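Report on the structure given below.
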Amino acid sequence: MNIVVCVKQVPDTWAERKLRSEDKTLDRESVDGVINELDEYAIEESLRIKEAHDGEVTVLTMGPEKAAESIRKALSMGADKAVHLVDDALHGSDVLQTSYAMAQVLRKIGFDVVILGSESTDARMGALAAMLAERLGVAQLSLANKVEIDGGTIRTQRVADYGFDRVEASLPAVVSVVEKINEPRYPSFKGIMAAKKKPVDKLGVADADIDAAKVGLTGAATEVVDFVAAPPREKGTIVKDEGDGGQKVAEFLASKKFI
Amino acid sequence: MDGPFIGGREVTVVLDYRLDEEREALRKTVEQFAREVVAPRAAELDESGEFPYDLVAQMGGMGLFGLPFPEEYGGMGGDYFALCLAIEELARIDSSVAITLEAAVSLGAMPIYRYGTEEQKREWLPRLASGEALGAFGLTEPGGGSDVAGGMRTRAELRGGEWVINGTKSFITNAGTDITQLVTVTALTGELSSGEREISAIMVPVPRSGFSVAKKYSKVGWHASDTREITLTDCRVPEENLLGGRGRGYAQFLSTLDEGRIAIAALAVGLAQGCLDESIKYAKQRQAFGQPIADFQAIAFKIADMEVRTHTARLAYYRAAEKMLRGEPMKREAAIAKLYSSEIAVTNAREATQIHGGYGFMNEFPVARHWRDAKILEIGEGTSEVQRILIARELGL
Ligand SMILES: Cc1cc2nc3c(=O)[nH]c(=O)nc-3n(C[C@H](O)[C@H](O)[C@H](O)COP(=O)(O)OP(=O)(O)OC[C@H]3O[C@@H](n4cnc5c(N)ncnc54)[C@H](O)[C@@H]3O)c2cc1C
């Protein structure tokens, strides 16, 4: 089975994130980069599928040179090889362009199943999986908290407000996962040492038959017009228990759709 | 790492204390594990004193118990310095978990790797390196820890192809967990022709009749680490369980201790760093007289001094580790690192508690735990006095 897991490097959520004033894109240089948290679940799931069905896990990353650190980490967790799409022409691409560029690479390298996190902690579009599936003409199984593969069939549980849907499709397919689908492993030192020797294929736009005019900041379909710093966090609501505390807490939780 | 070229000219690397990419990746991984998995559990473990079997299993899965051993024995193919880095990152968050790893590897498994026969290594290392089984080393006795040779009462006699062991060992780490499978003990096995007492090391697979552990000690710190008194009463093990040469037990143990001191130094540096991390966070957030307490120079300088001590102690243990990795004698450097970092760990813990005010005296705050956990570092694996004796001796005094 040829499993491709899409991994994005994002600024560490523990650090303060900033937009660059010159072109209103995310400042990726000044902060530590980490693997987008949901992608760690995607990596874990891809490794579990490989362990259960044999095959190979390829990491696919589009991002600047620095993203190589995240690729290395995914390889140290146990992925077999990686493709790093890196080109200055890609800087500032929006989700439409990203999905175009990544689909071109996926066409080139082939896949039975593509797994990715359901959104990234930086841009939070949550649309890449759907766009990839559409561009590649394969089924999309979104928001999975459980994945099973049986021959040419893939079954997932898709989380919803009311519980979950059981979804089934035939391979090849694109799957986006939510957290709690699994517990991502920490790489072992053996894995870390092995990662050094695993192949990382670096591709520029030309290598992947990507039309440079269709990617990058200038051709983006969306534009960040302005930005302001997030307001300080608002004061929370304090519920005083005057005999009806439980009731009020329940109402609050219901209003937030927690219960 | 950059090539040794500066201005197009090849130069010799004179000093390089950067971690290589793999060790840095390991350090980061353990840092993340400690922050995400250990930290939320630390206060509860400290309170209950329960041994954290699940954390040990997870650390086993990450290969931490196998770091310094070759892959052929189930290890990770790393080195002792990699182990030190892992211990430091764990101790930044929790000393009990860190000492469990330290004792299991450097006291429990390392002597087998160093002095065991091929057969002993094949039998024991895969289990110990995976963390599925823990090993312990019983040297200290009620009659003495610093003067081990003089205080030793435990005897082992060879009878009918078996060692029959009698005696008591005190304060033995990892001796009484459900997954402890091996306790190596030192014992008197006779007298040398010189009239000196012959001390040997013998491997005791446990559980076993004639081997018993007392209930856990009630300790000041290291609550979730397992520390037991051991009693051996006509405890029999096969003759081939002798570890290393007969009469070599003590000398061998002393050389294991040199390495162990570097690991304890790493643990102490971790604790000192943990005190610093907590103090920076708290000082920025705690307000007094209308400003964060970090804005008082009295507090900021305390924190600056904590950083200086931690930084210096880390350099001391890196230096000792560097000599160890090169296979050079490092008795002096290991003693310096152990002495200095354990003493500054105690100082940093005291200062961190001070910065936290009354909250620092409350057990649920990490610094209160660090304060209680720090003191033993000046005692275990050679007291501060013993380190000074060693350093003085190295200086020819
Ligand atoms: C939590 C914990 C875990 C431990 N784990 C282990 C373990 O796994 N295995 C093991 O074998 N041991 C273990 N120990 C024992 C530890 O190594 C000893 O406690 C330590 O070596 C000190 O020995 P002692 O307690 O007998 O003190 P003593 O040797 O009686 O020392 C008492 C005091 O006298 C000082 N002193 C002694 N001799 C001299 C001298 N010549 N000059 C100046 N001062 C001197 C000492 O420095 C100390 O201050 C552990 C101890 C603790 C508390």
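Read the figures in this text as sums done on the coordinates, not as results from a lab. None of these values were measured; they are calculated from a predicted model. When we count neighbours, we look across all protein chains shown, and the Cβ atoms used for this are built from the backbone with ideal geometry, even at glycine.
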Q. Considering only the protein assembly as shown, what is the antiparallel percent among its DSSP beta bridges, to the nearest 5?
A. 60
Q: Working from Cα positions, state the angle (0 to 90°, nearest 10) between the long axis of helix B:118-130 and the longest principal axis of chain B.
A: 30
Q | For chain A, built as a Gaussian network whose Cα springs stay under 10 Å, the top-fluctuating residue of A:179, A:69, A:29 | A | A:29
(Q) As I understand it, the dipole of the protein assembly as shown uses +1 on the Cβ of Lys and Arg and -1 on the Cβ of Asp and Glu, about the Cα centre. Which of B:32, B:279, A:131 lies farthest toward its positive end? (A) B:279
Q: Name the shape class, rounded, prolate or oblate, that the alpha-carbon gyration tensor gives for region B:136-246, where a ≥ b ≥ c are the square roots of its eigenvalues, rounded holds for a/c under 1.5, and otherwise prolate holds if a/b is larger than b/c and oblate otherwise.
A: oblate
**Q.** Positive minus negative residues near residue B:340 (Lys, Arg vs Asp, Glu; Cβ under 13 Å)
**A.** +4
Q | Shape call, chain A: gyration tensor on alpha carbons, a/c limit 1.5 | A | oblate
Q. About the Cα centre of chain B, what is the dipole size in debye to 20, counting +1 per Lys and Arg Cβ and -1 per Asp and Glu Cβ, all else neutral?
A. 800
Q: May I ask you to evaluate 6.51 cos²θ - 1.76 cosθ + 1.60, the Karplus curve with θ = phi - 60°, for each residue of region A:181-193 and list the ³J(HN,Hα) values in order in whole Hz, giving x for glycine and proline?
A: 5, 6, 10, x, 7, 8, x, 8, 5, 4, x, 5, 5
Q. Residue B:20 versus residue B:287, label points 7 Å from Cα toward the beta carbon: distance in nm?
A. 5.1
Q: With +1 on each Lys and Arg Cβ and -1 on each Asp and Glu Cβ, and nothing else charged, work out how big the dipole of chain A is about its Cα centre, in Debye to the nearest 20.
A: 420
Q | Extension gain (nm, one decimal) between residue B:255 and residue B:212, 0.36 nm per residue minus Cα-Cα | A | 12.7 nm
**Q.** Order of B:213, A:113, A:31, A:228 - criterion: other Cβ atoms within 10 Å of each residue's Cβ, fewest first
**A.** A:228, A:31, B:213, A:113
Q | Net charge contributed by nearby residues that have their C-beta within less than 10 Å of residue B:220 (K/R +1, D/E -1) | A | +2
Q) Check residue B:74: other-chain or 5+ apart residues with amide H under 5 Å from its amide H, H built from backbone geometry? A) none
Q.
Below 12 angstrom from the Cβ of residue A:174, what's the summed charge of the other residues (Lys, Arg +1; Asp, Glu -1)?
A. -1
Q) So, with +1 on the Cβ of K and R and -1 on the Cβ of D and E, and no other charges, what is the size of the charge dipole of region B:311-361 about its Cα centre, to the nearest 20 debye? A) 180
Q. Along the positive direction of the dipole of the protein assembly as shown (beta-carbon charges: Lys, Arg +1; Asp, Glu -1; about the Cα centre), which of B:76, B:112, A:231 reaches farthest?
A. B:112
Q. How crowded by other chains is B:21-30, given as the mean number of beta carbons from other chains within 10 Å of each beta carbon?
A. 5
Q) If you bin every alpha carbon distance in region B:133-196 into 5 Å steps from zero, what whole percent lands in each bin? A) 4, 17, 21, 22, 19, 11, 3, 1, 0
Q.
Apply the Karplus curve 6.51 cos²θ - 1.76 cosθ + 1.60, θ = phi - 60°, to the phi angles in region A:84-91 and return the couplings in whole Hz, x for Gly and Pro.
A. 10, 8, 9, 6, 4, 4, 7, 4
Q) Quick one: Karplus J couplings for region A:69-76, per residue in order, coefficients 6.51, -1.76, 1.60, θ = phi - 60°, nearest Hz, x for Gly and Pro? A) 4, 5, 4, 4, 5, 4, 5, 6
Q) Using the count of nearby Cβ atoms within 10 Å as a rough guide to exposure, how do B:84, B:235 rank from fewest to most? A) B:235, B:84
**Q.** Convex hull volume per residue in cubic angstrom - Cα atoms of region B:241-376
**A.** 115
Q.
If you fit an axis through the alpha-carbon atoms of helix B:331-355 and take the longest principal axis of the Cα set of chain B, what angle between them do you get, 0 to 90°, nearest 10?
A. 50
Q.
So for each of B:379-392, A:147-160, B:266-279 I average, over its residues, the number of other beta carbons within 10 Å; can you give me the resulting order with the highest mean first?
A. B:266-279, B:379-392, A:147-160
Q: Find which of A:3, A:200, B:260 sits farthest along the positive direction of the dipole of the protein assembly as shown, computed with +1 on the beta-carbon of Lys and Arg, -1 on that of Asp and Glu, about the Cα centre.
A: B:260
**Q.** Convex hull volume of chain B per residue (C-alpha atoms, cubic angstrom)
**A.** 163
Q) When only Cα pairs under 8 Å and 6 or more residues apart are kept, what is the percent relative contact order across chain A? A) 23
Q | Quotient of C-alpha Rg and 2.2 N^0.38 Å, computed over the protein assembly as shown | A | 1.10
Q | For B:314, A:135, A:166, order by how many other beta-carbon atoms lie within 10 Å, fewest first | A | A:166, A:135, B:314
